Every structure is written in C-alpha cells, then in structure tokens.
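Asker: First the structure, then my questions, so here it is.
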Amino acid sequence: MLDVTGLSVAYGKHPALNEAVLRVNRGEIVVILGADGAGKSTLLKAVSGICEGRVQGSVTLNGTELVGLPPHRIVEEGVALVPEGRGVFPDLTVQENLTLGAYSDRAREEEGANLERVMTLFPKLGERRGQVVRTMSGGEQQMVAIGRAMMSNPALLTLDEPSLGLSPLLCKELFQNLSLVRETGIGILLVEQNAKQSLAIADRGYLLENTRIVHEGRAADLRSDPAVQAAYLGGG
Ligand code: ATP
C-alpha cells in the first residue's frame, strides 16, 4: 500500500531525513520510534506533502506517486494526518470538527456516510456530537482529531505523537482506538515517544536515529531486542 523509497529531506543545507525506506500494508500499524530531532515529524510531513524542506525520493500509495502533489491531492489519494497537538477547533462542536474533516471532494460527496461510519467506530463521538471540544478531556479531544482525519475516508492514517500529554489510562484508550481503526482495513503510520504501548499494539516498527532508519522489525521482536529496550523501553 504505502511504499517509501529513498526519501530524503533537507532544510537548506541541513539534512533531516536520509534515504528512508519503509512500507505500510493495508490493516497494519507501523510505528516509527526515535529520539527528539531524529526526523520523525519530517518523515510524516513529507508523506503528507506539508514538509517545508526539499524532498527527494518516492512515496507511493497503491502505486500513485505522492511526492510533488499538493497536500489536498494527497488527502484525495487517501492519506490523512493527525498532526502533533491534534489541531482540533476548540470552540466548535464535535460534529462541526468532524464535518470540517470532510473537505476533499471525495469526502464531501460521502459526508453523511463517513460521519455515520466514524460515529459507529467511536460511539462516544456520536453521544457527544453537540459538545464544544474545548470542554472535553485530552483523550476525548484526541478521539475527535482521529475521527476528523477519518472523515476523509483514508486508506492510510498518519499520526504524530498522539499520546503526548495523555495520562497512562487515556494512552491505553487511544491505542485501543487505533486498533479499532486498523480493524477497518486502514493502514496506520504512527510516530511515537511512548515505545512501550505503541509497540504493544503495532505490527511492525522502524527505528530512526539521526536522520536514518537504522533498524526495522516485527513489533514483538523489537520489544525483546536488548538495544531497543535500552534506548526506548527504559532498560526493559
Ligand atoms: P521531535 O520529536 O522533537 O519532533 P523529530 O524526530 O520529529 O523530533 P523533526 O521535527 O523531523 O524531528 O526534525 C528533524 C530535524 O530537522 C531537526 O534538527 C529540526 O530542527 C529540523 N527541522 C525540522 N523542521 C524544520 C524547519 N521547518 N526548518 C528548519 N529545520 C527544521
């Protein structure tokens, strides 16, 4: 489904990503782990077409080249981004936020059906459809952000550190929600600092260190890898 090959990004002369190669299959959760500044956000931004740097290499979704397309076309092709910090509209209601996610032509035509689908997946959003988002908990707001991205009926959902600022209990709920999204057949590309919980639900993972992917593997193997444990899992 998503194939990234030889993807490099530089901000001016400063390289932020070097020759990244990765794949996300349908119905698969893939996590990118890495320290601050490793290039994780840059990778997601390059996939979504919103990277300010110079992007080289290839990103294809089901064979269609995305590099060079404007962001709205990439959404049309089936890639949705939940940005760091969620990007919800705090003064609007849940339903208004969701509806704003249906801005692509394809999504607008199917807005009613998509809204129904998202509210079936996350019943809480249906129950709270009239609530102003500002008055919701961090975890609920994150659910709104994911629901809004789902309104474009994506094939691939990408998320930049969605667990940031959530309590352990809400993190657990967030990752359970991502598992629900996976069950619908959507592929998920997840950037996370929370290695433990993200590897617990992911199918595969990649380690990004200092602009390069240095390791990849099945999530279960990464969890038991001593180097990964030392760097990302607090020594196990
Ligand atoms: P974090 O978890 O801290 O967000 P990250 O792995 O997501 O880290 P990136 O945000 O991708 O890292 O940044 C990678 C490098 O590129 C960093 O050195 C950063 O300072 C630099 N960088 C990111 N965005 C820009 C930009 N718009 N202009 C210039 N340099 C940038």
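Asker: Within segment 161-212, take every residue that is crowded, with 21+ Cβ neighbours inside 10 Å and small (G, A, S) and give me the one that is farthest from M150 (Cα to Cα).
Answerer: So, considering only residues that are crowded, with 21+ Cβ neighbours inside 10 Å and small (G, A, S), the one farthest from M150 (Cα to Cα) is A195.
Asker: If you don't mind, there's one more thing I want to ask. If D91 meets every condition in (1) within 26 Å of A231 (Cβ to Cβ); (2) among the charged types (D, E, K, R); (3) open to solvent by 60 Å² or more (accessible area, probe 1.4 Å) apart from one, which number is that one?
Answerer: Going through the list (1) within 26 Å of A231 (Cβ to Cβ); (2) among the charged types (D, E, K, R); (3) open to solvent by 60 Å² or more (accessible area, probe 1.4 Å), D91 breaks only (1).
Asker: With the structure loaded, tell me whether A20 is in contact (Cβ under 8 Å) with a residue 40 or more places away in the chain, buried (at least 17 other Cβ atoms within 10 Å of the Cβ) and within 16 Å of the ligand (Cβ to nearest atom) or whether it fails that test.
Answerer: yes
Asker: Restricting to segment 131-160, count the residues that are open to solvent by less than 10 Å² (accessible area, probe 1.4 Å) and among the β-branched types (V, I, T).
Answerer: Number of matching residues: 4.
So that you can scan it fast, the table gives a plain yes or no per residue for (1) within 16 Å of the ligand (Cβ to nearest atom); (2) out of contact with any His (no Cβ under 7 Å at 6 or more places or on another chain); (3) modelled with pLDDT under 90:
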site	(1), (2), (3)
G139	no, yes, yes
T158	yes, yes, no
L169	no, yes, yes
G185	no, yes, no
G217	no, yes, no
L222	no, yes, no
P226	no, yes, yes
Y232	yes, yes, yes
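Asker: Given the conditions (1) within 23 Å of L190 (Cβ to Cβ); (2) away from the ligand (no atom under 14 Å from the Cβ); (3) open to solvent by less than 50 Å² (accessible area, probe 1.4 Å); (4) not hydroxyl-bearing (S, T, Y), and given that L115 satisfies all but one, which numbered condition is not satisfied?
Answerer: L115 satisfies all of (1) within 23 Å of L190 (Cβ to Cβ); (2) away from the ligand (no atom under 14 Å from the Cβ); (3) open to solvent by less than 50 Å² (accessible area, probe 1.4 Å); (4) not hydroxyl-bearing (S, T, Y) except (1).
Asker: Out of all the residues in segment 120-130, which are open to solvent by 20 Å² or more (accessible area, probe 1.4 Å), in a helix (DSSP H, G or I) and touching a residue at least 24 places away in the same chain (Cβ under 8 Å)?
Answerer: L121
The values are calculated or read from the model by the stated rules, or taken from the named source; none is laboratory data. All values derive from a computational prediction rather than experimental measurement. Here the Cβ is made from the backbone with ideal geometry for all residues, glycine too, and neighbour counts use every protein chain on show. Surface accessibility is based on the protein's heavy atoms, side chains included, excluding ligands, DNA and RNA. Shrake-Rupley method; radii C 1.70, N 1.55, O 1.52, S 1.80 Å.
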